[in-house]
Amino acid sequence: MPMRESWLLFALGSALFAALTAIFGKLGVVGINSNLATFIRTLVIVVVIAGIVSVRQEWEKPAGLPLHSWVFLVLSGIATGLSWLCYYRALQLGPVSKVAPIDKLSVALVIVFGLLFLGERPSLPLLIGGGLIVAGAMVIALF
């Protein structure tokens, strides 16, 4: 598969698993503390990813990794953890059919951040698509 389609396949897989995450998460937080639910989910992720890295023999010495990678991966981990804590609490309090689309406003925010901080170039389809995501999330949240 050419590289161009390879990223698309993984992105579609991400969307599928994110959808399942919302459904399973909504069912999983019933009757328990949302922070505990997030902790359990995190432990499962650690075990699964450690297994994948082990099977694929992709372990590297942490000291050999560049400092900037450590800094940004730690920041990403903090952001992920805070996102998950908010997400699971929102799932506990609201309907999954509204929580998940609002959570996906992250897509529009990533577009803005990519333009502002990563020097990505805007295009008409990108701006229209981002605007439609925001509009769709607003319709879902307000009606």
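The values are calculated or read from the model by the stated rules, or taken from the named source; none is laboratory data. Since the structure is predicted, the reported quantities are computational estimates derived from the model, not experimental observations. Virtual Cβ from ideal backbone geometry, glycine too; neighbours counted across all protein chains shown.
Pairing each residue of the range 101-128 that is closer than 19 Å to ILE140 by Cβ with any residue that is of a type in the set (S, T, N, Q) and in a helix (DSSP H, G or I), provided the two are 6+ apart or on different chains, yields C-beta distances under 9 Å for ASP103/SER83; SER106/SER83. Restricting the range 58-81 to residues that are in a loop (DSSP other than H, G, I, E, B) and not aliphatic (A, V, I, L, M), the residue that is nearest to SER106 (Cα to Cα) is PRO66. Taken together, the criteria place SER97 among residues that are assigned to a helix (DSSP H, G or I) and either at pLDDT below 95 or acidic (Asp, Glu) (or both).
Evaluating ARG89 against the criteria (1) of a type outside the set (A, V, I, L, M); (2) free of Cβ contacts under 8 Å to residues at least 24 places away in the same chain; (3) under 30 Å from ALA141 (Cβ atoms) leaves one unmet condition, (2). Any idea how many residues of the range 32-59 are farther than 20 Å from THR80 by Cα and touching a Gly at 6+ places or on another chain (Cβ under 8 Å)? So the answer is 0. Being of a type outside the set (Asp, Glu), touching a Pro at 6+ places or on another chain (Cβ under 7 Å) and either part of a helix (DSSP H, G or I) or surrounded by 13 or more Cβ atoms within 10 Å (Cβ to Cβ) (or both) is a property that LEU127 lacks. So in the range 18-34, with the set limited to residues that are part of a helix (DSSP H, G or I) and of a type in the set (S, T, N, Q), which one is nearest to ALA90 (Cα to Cα)? Here the residue is SER34. Looking at LYS104, LYS61, can you tell me which residue is modelled with pLDDT under 95 and more than 18 Å from ALA15 (Cβ to Cβ)? Among LYS104, LYS61, only LYS61 is modelled with pLDDT under 95 and more than 18 Å from ALA15 (Cβ to Cβ).
Screening GLY77, GLY31 for residues that are farther than 27 Å from GLY136 by Cβ, of a type in the set (Gly, Ala, Ser) and loosely packed, with under 10 Cβ neighbours inside 10 Å leaves exactly one candidate, GLY31. Reported count of residues in the range 111-143, each being more than 19 Å from the chain's Cα centre (by Cα) and among the β-branched types (Val, Ile, Thr), is 3.
LEU43 meets each of the listed conditions (1) at pLDDT 95 or above; (2) outside any helix (DSSP H, G or I) apart from (2).
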